[in-house]
Amino acid sequence: MRKPDGKIVLLGDMNVGKTSLLQRYMERRFTDTVSTVGGAFYLKQWRSYNISIWDTAGREQFHGLGSMYCRGATAVILIYDVNHPQSLLELEDRFLGLTDTASTDCLFAIVGNKVDLVEEPAAEDQEKDGRGPGVAGRGGEAPKAPKQVQPEDAVALYRKILKYKMLDEKDVPAAEQMCFETSAKTGYNVDLLFETLFDLVVPVISRHRAQGPPQTVDITSYKTPRQTPSGCCA
Ligand SMILES: Nc1nc2c(ncn2[C@@H]2O[C@H](COP(=O)(O)OP(=O)(O)OP(=O)(O)O)[C@@H](O)[C@H]2O)c(=O)[nH]1
Ligand SMILES: [Mg+2]
(Lines give C-alpha, C1' and ligand atoms only; values in the text may rest on other atoms or scores of the structure.)
(Ligands and ions follow the chains in the order given, each with its own letter.)
Protein backbone atom coordinates (compact mmCIF):
# COMPACT_ATOMS: atom_id res chain seq x y z
CA MET A 1 0.00 0.00 0.00
CA ARG A 2 1.28 3.45 -0.87
CA LYS A 3 2.02 5.61 2.15
CA PRO A 4 -0.79 8.15 2.62
CA ASP A 5 0.10 11.66 1.47
CA GLY A 6 -1.81 13.36 4.25
CA LYS A 7 -3.44 12.53 7.55
CA ILE A 8 -6.61 13.85 9.15
CA VAL A 9 -7.42 12.94 12.76
CA LEU A 10 -10.79 13.12 14.51
CA LEU A 11 -10.61 13.98 18.20
CA GLY A 12 -13.25 14.60 20.83
CA ASP A 13 -14.98 13.26 23.89
CA MET A 14 -16.72 9.89 23.86
CA ASN A 15 -20.20 9.85 22.36
CA VAL A 16 -19.89 13.11 20.38
CA GLY A 17 -20.23 11.19 17.11
CA LYS A 18 -16.73 10.86 15.64
CA THR A 19 -17.30 7.34 14.33
CA SER A 20 -20.78 8.22 13.09
CA LEU A 21 -19.50 11.24 11.14
CA LEU A 22 -16.79 9.23 9.48
CA GLN A 23 -19.18 6.40 8.71
CA ARG A 24 -21.70 8.84 7.29
CA TYR A 25 -19.11 10.32 4.98
CA MET A 26 -17.27 7.17 3.91
CA GLU A 27 -20.10 4.64 3.91
CA ARG A 28 -23.03 7.04 3.31
CA ARG A 29 -25.01 5.61 6.21
CA PHE A 30 -25.87 6.14 9.87
CA THR A 31 -25.91 2.96 11.87
CA ASP A 32 -25.45 1.86 15.44
CA THR A 33 -21.92 2.30 16.63
CA VAL A 34 -19.95 0.84 19.47
CA SER A 35 -17.62 3.01 21.49
CA THR A 36 -14.27 3.02 19.70
CA VAL A 37 -11.37 1.10 21.18
CA GLY A 38 -7.97 2.51 20.24
CA GLY A 39 -8.37 3.89 16.72
CA ALA A 40 -9.19 2.99 13.14
CA PHE A 41 -8.67 4.63 9.80
CA TYR A 42 -10.13 4.98 6.33
CA LEU A 43 -8.24 5.88 3.19
CA LYS A 44 -9.75 8.49 0.94
CA GLN A 45 -8.49 9.37 -2.49
CA TRP A 46 -8.89 13.06 -3.19
CA ARG A 47 -7.64 14.20 -6.57
CA SER A 48 -4.29 12.44 -6.92
CA TYR A 49 -3.70 12.21 -3.18
CA ASN A 50 -4.31 9.49 -0.64
CA ILE A 51 -5.54 10.87 2.66
CA SER A 52 -5.86 8.74 5.78
CA ILE A 53 -8.67 9.72 8.12
CA TRP A 54 -8.24 8.48 11.68
CA ASP A 55 -11.09 7.84 14.07
CA THR A 56 -9.93 7.84 17.69
CA ALA A 57 -11.43 6.75 20.99
CA GLY A 58 -12.86 9.49 23.17
CA ARG A 59 -12.87 7.34 26.28
CA GLU A 60 -10.52 8.57 28.99
CA GLN A 61 -8.77 5.21 29.25
CA PHE A 62 -7.46 5.56 25.68
CA HIS A 63 -6.42 9.16 26.08
CA GLY A 64 -2.71 8.36 26.07
CA LEU A 65 -2.98 7.11 22.47
CA GLY A 66 -4.25 10.42 21.15
CA SER A 67 -0.90 12.11 20.64
CA MET A 68 0.36 9.00 18.83
CA TYR A 69 -2.53 9.19 16.37
CA CYS A 70 -1.91 12.91 15.87
CA ARG A 71 1.74 12.46 14.96
CA GLY A 72 2.43 14.28 11.71
CA ALA A 73 -1.26 15.09 11.16
CA THR A 74 -2.01 17.50 8.34
CA ALA A 75 -5.39 18.39 9.86
CA VAL A 76 -7.26 17.72 13.07
CA ILE A 77 -11.04 17.76 13.42
CA LEU A 78 -12.09 18.60 16.97
CA ILE A 79 -15.63 17.41 17.56
CA TYR A 80 -18.11 18.33 20.29
CA ASP A 81 -21.82 17.69 20.82
CA VAL A 82 -23.90 20.89 20.47
CA ASN A 83 -26.12 19.60 23.29
CA HIS A 84 -23.26 19.13 25.77
CA PRO A 85 -21.22 22.21 26.65
CA GLN A 86 -18.77 20.04 28.59
CA SER A 87 -17.76 18.32 25.37
CA LEU A 88 -16.58 21.67 23.97
CA LEU A 89 -14.64 22.45 27.15
CA GLU A 90 -12.99 19.04 26.96
CA LEU A 91 -11.59 19.91 23.54
CA GLU A 92 -9.53 22.67 25.06
CA ASP A 93 -8.73 20.95 28.35
CA ARG A 94 -8.05 17.41 27.26
CA PHE A 95 -7.62 17.15 23.50
CA LEU A 96 -5.78 20.24 22.26
CA GLY A 97 -2.55 19.19 23.99
CA LEU A 98 -2.62 15.93 22.03
CA THR A 99 -2.08 17.86 18.82
CA ASP A 100 1.43 18.94 19.83
CA THR A 101 2.73 16.03 17.74
CA ALA A 102 0.85 17.16 14.62
CA SER A 103 2.57 18.87 11.72
CA THR A 104 3.55 22.47 12.55
CA ASP A 105 1.27 23.76 9.81
CA CYS A 106 -1.61 21.47 10.82
CA LEU A 107 -5.09 22.79 10.03
CA PHE A 108 -7.85 22.74 12.62
CA ALA A 109 -11.59 22.36 12.15
CA ILE A 110 -14.11 22.52 14.99
CA VAL A 111 -17.33 20.60 14.61
CA GLY A 112 -20.52 20.75 16.65
CA ASN A 113 -22.33 17.51 15.91
CA LYS A 114 -25.91 16.27 16.58
CA VAL A 115 -27.66 19.46 15.40
CA ASP A 116 -30.64 17.29 14.45
CA LEU A 117 -31.42 17.20 18.16
CA VAL A 118 -31.86 20.97 18.52
CA GLU A 119 -34.70 23.25 17.56
CA GLU A 120 -33.19 25.15 14.65
CA PRO A 121 -33.96 25.26 10.93
CA ALA A 122 -30.43 24.08 10.18
CA ALA A 123 -31.11 20.96 12.15
CA GLU A 124 -34.16 19.97 10.14
CA ASP A 125 -34.23 16.30 9.49
CA GLN A 126 -33.25 15.57 5.92
CA GLU A 127 -33.58 11.90 6.52
CA LYS A 128 -36.61 10.29 4.96
CA ASP A 129 -36.35 6.85 6.49
CA GLY A 130 -37.63 7.39 10.02
CA ARG A 131 -36.04 8.56 13.20
CA GLY A 132 -34.01 6.82 15.83
CA PRO A 133 -35.30 6.28 19.36
CA GLY A 134 -35.25 9.36 21.53
CA VAL A 135 -34.81 11.74 18.61
CA ALA A 136 -37.53 14.37 18.59
CA GLY A 137 -38.96 15.18 15.19
CA ARG A 138 -41.52 17.35 13.42
CA GLY A 139 -45.29 17.28 13.53
CA GLY A 140 -46.51 17.09 17.10
CA GLU A 141 -43.67 15.08 18.49
CA ALA A 142 -41.75 16.10 21.60
CA PRO A 143 -40.13 19.51 21.11
CA LYS A 144 -36.43 19.57 20.41
CA ALA A 145 -34.19 21.09 23.05
CA PRO A 146 -32.59 24.51 22.59
CA LYS A 147 -29.01 24.38 21.44
CA GLN A 148 -26.58 24.36 24.36
CA VAL A 149 -23.43 25.41 22.52
CA GLN A 150 -23.51 28.34 20.11
CA PRO A 151 -21.36 28.67 16.97
CA GLU A 152 -19.63 31.71 18.56
CA ASP A 153 -18.31 29.42 21.30
CA ALA A 154 -16.65 27.27 18.65
CA VAL A 155 -15.20 30.34 16.93
CA ALA A 156 -13.79 31.47 20.30
CA LEU A 157 -12.15 28.06 20.71
CA TYR A 158 -10.69 28.29 17.20
CA ARG A 159 -9.07 31.62 18.13
CA LYS A 160 -7.70 30.10 21.35
CA ILE A 161 -6.17 27.29 19.30
CA LEU A 162 -4.43 29.79 17.04
CA LYS A 163 -3.05 31.50 20.12
CA TYR A 164 -1.91 28.18 21.58
CA LYS A 165 -0.20 27.31 18.30
CA MET A 166 1.17 30.85 18.00
CA LEU A 167 -0.43 31.20 14.56
CA ASP A 168 -1.54 34.47 13.04
CA GLU A 169 -5.17 34.63 11.92
CA LYS A 170 -3.99 36.08 8.60
CA ASP A 171 -1.98 32.95 7.81
CA VAL A 172 -4.68 30.35 8.39
CA PRO A 173 -8.24 29.77 7.13
CA ALA A 174 -10.80 32.04 8.78
CA ALA A 175 -12.64 30.78 11.86
CA GLU A 176 -15.97 30.98 10.02
CA GLN A 177 -14.62 28.63 7.35
CA MET A 178 -13.33 26.12 9.89
CA CYS A 179 -16.22 25.88 12.36
CA PHE A 180 -19.05 23.58 11.31
CA GLU A 181 -22.29 22.27 12.69
CA THR A 182 -23.19 18.80 11.51
CA SER A 183 -25.51 15.89 11.95
CA ALA A 184 -24.14 12.43 11.29
CA LYS A 185 -27.73 11.22 11.56
CA THR A 186 -29.17 13.33 8.75
CA GLY A 187 -25.93 13.96 6.87
CA TYR A 188 -26.28 17.71 7.34
CA ASN A 189 -22.98 19.46 6.43
CA VAL A 190 -21.00 16.22 6.59
CA ASP A 191 -19.77 16.29 2.96
CA LEU A 192 -19.09 20.00 3.31
CA LEU A 193 -16.93 19.40 6.37
CA PHE A 194 -14.75 16.66 4.90
CA GLU A 195 -14.48 18.10 1.42
CA THR A 196 -13.63 21.61 2.60
CA LEU A 197 -10.88 20.05 4.64
CA PHE A 198 -9.59 17.89 1.77
CA ASP A 199 -9.37 20.97 -0.46
CA LEU A 200 -7.42 22.82 2.22
CA VAL A 201 -5.15 19.89 2.96
CA VAL A 202 -4.06 19.39 -0.68
CA PRO A 203 -1.87 22.54 -0.86
CA VAL A 204 -0.31 21.60 2.50
CA ILE A 205 0.55 18.15 1.14
CA SER A 206 2.04 19.65 -2.03
CA ARG A 207 4.11 22.04 0.07
CA HIS A 208 5.40 19.17 2.22
CA ARG A 209 6.31 17.21 -0.91
CA ALA A 210 8.21 20.15 -2.34
CA GLN A 211 10.08 20.59 0.95
CA GLY A 212 11.02 16.91 1.22
CA PRO A 213 10.74 14.76 4.36
CA PRO A 214 10.22 16.62 7.65
CA GLN A 215 13.38 17.72 9.36
CA THR A 216 13.52 16.16 12.79
CA VAL A 217 16.18 16.43 15.45
CA ASP A 218 17.10 13.30 17.35
CA ILE A 219 17.93 14.75 20.75
CA THR A 220 19.30 11.41 21.99
CA SER A 221 22.17 11.63 19.51
CA TYR A 222 22.65 15.37 19.77
CA LYS A 223 26.23 16.37 20.61
CA THR A 224 27.26 19.77 21.88
CA PRO A 225 29.16 21.56 19.09
CA ARG A 226 32.90 21.64 19.68
CA GLN A 227 34.17 25.07 20.56
CA THR A 228 37.11 26.45 18.61
CA PRO A 229 39.67 28.44 20.56
CA SER A 230 38.14 31.61 19.13
CA GLY A 231 34.75 30.67 20.59
CA CYS A 232 33.14 29.73 17.23
CA CYS A 233 31.61 26.32 16.62
CA ALA A 234 33.71 23.83 14.65
N1 LIG B 1 -29.11 12.18 16.95
C2 LIG B 1 -27.85 11.99 16.64
N3 LIG B 1 -27.16 10.99 17.21
C4 LIG B 1 -25.88 10.83 16.86
C5 LIG B 1 -25.23 11.66 15.91
N6 LIG B 1 -23.96 11.26 15.78
C7 LIG B 1 -23.82 10.20 16.60
N8 LIG B 1 -24.96 9.94 17.24
C9 LIG B 1 -25.19 8.89 18.24
O10 LIG B 1 -24.34 9.15 19.36
C11 LIG B 1 -23.83 7.95 19.89
C12 LIG B 1 -22.30 7.98 19.86
O13 LIG B 1 -21.86 8.04 18.53
P14 LIG B 1 -20.37 7.57 18.12
O15 LIG B 1 -20.20 7.92 16.71
O16 LIG B 1 -20.16 6.16 18.50
O17 LIG B 1 -19.50 8.51 19.09
P18 LIG B 1 -17.92 8.56 19.21
O19 LIG B 1 -17.54 9.99 19.32
O20 LIG B 1 -17.28 7.79 18.12
O21 LIG B 1 -17.66 7.87 20.63
P22 LIG B 1 -16.32 7.09 21.13
O23 LIG B 1 -15.95 6.10 20.09
O24 LIG B 1 -16.72 6.43 22.43
O25 LIG B 1 -15.26 8.12 21.36
C26 LIG B 1 -24.40 6.82 19.04
O27 LIG B 1 -25.56 6.33 19.69
C28 LIG B 1 -24.79 7.51 17.73
O29 LIG B 1 -25.86 6.87 17.07
C30 LIG B 1 -25.99 12.71 15.32
O31 LIG B 1 -25.55 13.50 14.49
N32 LIG B 1 -27.31 12.83 15.73
MG1 LIG C 1 -16.11 6.12 18.08
Worksheet item: Round to a whole number: what % of the accessible area of the stretch 1-51 belongs to carbon and sulfur, probe 1.4 Å?
Response: 50 percent
Response to the item:
Given backbone amide H placed at 1.01 Å from N, residues whose amide H is under 5 Å from that of residue 81, ignoring those fewer than 5 places away on the same chain, are 87, 88, 113
Worksheet entry | Those lysines that a straight Cα-Cα span of less than 27 Å connects to residue 144, excepting residues fewer than 8 apart in one chain | 18, 114, 128, 185
Worksheet entry | Separation of alpha-carbon centers, the stretch 72-101 and the stretch 176-198, rounded to whole Å | 16 Å
Item to complete: Above 13 angstrom, tally the Cα pairs of the stretch 64-111 and express them as a % of all pairs, no decimals.
Response: 55 percent
Fill in: ³J(HN,Hα) computed for each position of the stretch 158-166 - Karplus, 6.51 cos²θ - 1.76 cosθ + 1.60, integer Hz, glycine/proline x
4, 5, 5, 5, 4, 5, 4, 8, 6
Worksheet, complete the sentence: Neighbours of residue 90 by Cβ distance under 11 Å: Lys/Arg at +1, Asp/Glu at -1, summed charge -4
Discussion item. Using a 7 Å offset from the Cα along the Cα-to-Cβ direction at both residue 162 and residue 101, what is the distance between the two label points in nm, to one decimal?
Written reply: 2.8 nm
Worksheet item: Taking K and R as +1 and D and E as -1, what net charge do the other residues with C-beta under 13 Å from the C-beta of residue 167 add up to?
Response: +1
Item to complete: Counting only heavy atoms of the protein chains, get the accessible area per residue of the stretch 19-79 (1.4 Å probe) and round it to a whole Å² value.
Response: 49 Å²
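The values are calculated or read from the model by the stated rules, or taken from the named source; none is laboratory data. What you are looking at is a predicted structure, and each value in this text was computed from that prediction instead of being measured. FYI the Cβ positions are ideal-geometry reconstructions off the backbone, even for glycines, and counts take in every protein chain you see. In case anyone asks, the SASA skips ligands and DNA or RNA and just uses the protein heavy atoms, side chains included. Shrake-Rupley method; radii C 1.70, N 1.55, O 1.52, S 1.80 Å.
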